[in-house]
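Reading through the structure tokens given below for one structure.
Rule-based calculations on the coordinates, nothing more; no lab input. What you see is a predicted model; the values in this text were computed from it and never measured. Neighbour counts run over all protein chains shown; Cβ positions are idealised from the backbone, glycine included.
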Amino acid sequence: MKFCKTCLQPDTRPNSVFHSDGICPACKYHESLKDVDWEDRKKELGSIVNFGKANNHSGYDCIIGVSGGKDSLRQALFVKETLKMKPLLVSLGYPPEQVTQRGVQNISNMISHGFDCVTINPAPGIWRDLKRKGFRQYTNSFRSTELALFSSVPKFAIAYQIPLIWWGENSALQLGETAILGKSGSDGNNLRKMNTLNGGDITWLLSEEIKKNQILQYCYPSPEEMEQANLRITFLGYFWKDWSLLNNGNYSVLRGLDIRDEKPWEIGDPYGITSLDEDFVTFNQMIKYLKFGFGRITDYVNEEIRNGLMTREEGISLVQKYDGTCSPYYIEKFANYIGISVREFWEQVDQSVNKDLFEKVSLGEYKRKFTVGVGL
């Protein structure tokens, strides 16, 4: 395990390959921004806007997938107020046991700014069964639900004949997940190649109890279907000089976003601006940390380091303090939801802990072997 020489990105991130000088892809991209001709990007953005308006067959110029959180609220307002487009918002709803009241309020806040929004709610029983299966099979209960989340927008775009989809950040450039690289920095048509989506493969979801006609909301459109519909997924963050977790959070709070008030160690987040609509992602970030040696805080501080707002040493202190932390409350809540004990939860997690990176102290307690910022 090695860390980027500039930020705190480890080389254990899936689909990320460091350059020969020890710098991660995300830092290389950030460094390249100083040479960007932003007027050229503005023209490219204008041509994409024209494409959306020219292909308005339904009364909407574009579609935006939203949760009501910081990124989607800022995107929706930018598209409406700056680009002067008429977007249709599409939100995948969580079942009652998972969604937070804060998430419901934030969606309401977003709609109150003058948007039409369609909410899709997959069958809650199937949702729970698939989360249980993902946890048992991959120690990742989000493997199935991310299929539904990412599939909902292009499926709706095809159904409503709205070919332009605005997405947020290009994680290939801004996080280093290079598998989704498209034909250009703004091209998001390869999103299906994300690590957790695995090309949109649903075969692992199927069983004697669950048939394909029960999981239609989890089926990502094929490349042929997307091409036939002339679908164009575009990363809006590619056109913003100031795209970042904190900038989006600060902007959206001023437009009515309600953020978390839990203690940082309870949610592994000192800012409280991420994953506002549900609680289960908190323990999933903890599991990601135990698998790969980094979690949500690493992504926060890397942005701040690249933007010159935090030193690498300050980032190390935050990562050591909060990365991988999670309140037992969320673990117990999830265990109850899928019908297992907390002990069974930890027994499953233990199977996926990276034993090269962590030493087991006791069930549910692990000691880091690596040094943050240095590696092994």
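For the reader, a short list of remarks on this structure follows.
- With a Förster radius of 41 Å applied to the C-beta separation of Ser108 and Ser20, the computed FRET efficiency comes to 0.25.
- The phi torsions of the range 63-69, fed into the Karplus equation with coefficients 6.51, -1.76 and 1.60 and a -60° offset, translate into couplings of 10, 10, x, 9, 10, x, x Hz, rounded to whole numbers, with Gly and Pro shown as x.
- Beta bridges per DSSP with both ends in the chain, % antiparallel, nearest 5: 40
- For the range 261-368: rounded, prolate or oblate by the Cα gyration tensor [a/c cutoff 1.5]: oblate
- Residues Ser327, Ser141 arranged by fewest to most Cβ contacts within 10 Å: Ser327, Ser141
- In the range 35-239, one over the average inverse separation of all distinct C-alpha pairs is 17.7 Å, which is the Kirkwood hydrodynamic radius.
- Amide H contacts of Glu278 (H built 1.01 Å from N, in plane; Pro and chain starts excluded): Thr100 sit under 5 Å, all sequence-distant by 5 or more or on other chains.
- Across the range 84-95, computed HN-Hα scalar couplings (Karplus, 6.51 cos²θ - 1.76 cosθ + 1.60, θ = phi - 60°) run 6, 9, 9, x, 9, 8, 10, 10, 8, x, 8, x Hz from first to last residue, x flagging Gly and Pro.
- Gained length - Lys360 relative to Asp242, 0.36 nm times residue gap less alpha-carbon distance: 38.4 nm
- Arranged from fewest to most other beta-carbon atoms within 10 Å of their beta carbon, Ser144, Ser362 become Ser362, Ser144.
- For Trp167, the residues 5 or more places off, or on other chains, whose built amide H falls under 5 Å of its own are Thr234, Phe235, Leu236.
- Straightening the chain between Asn336 and Thr371 buys 9.1 nm, computed as 0.36 nm per residue apart minus the Cα-Cα spacing.
- In this label model, Val36 and Asp116 are separated by 3.1 nm, measuring between points 7 Å along each Cα→Cβ vector.
- Entries of Lys34/Lys70; Lys28/Lys183; Lys80/Lys321; Lys131/Lys367; Lys43/Lys291 with Cα pairs more than 30 Å apart: Lys80/Lys321; Lys43/Lys291
- Pairs of Cα atoms nearer than 8 Å and 6+ residues apart set the relative contact order; for the chain it is 21 percent.
- When shorter helices are ignored and each DSSP H run of at least 4 residues is given -39500 (n - 2.57), the per-residue value for the chain at 222 nm works out to -12500 deg cm²/dmol.
- Just checking the listed ones, Met85, Met286, Met310: in the Gaussian network model of the chain with Cα springs under 10 Å, the one fluctuating most is Met310.
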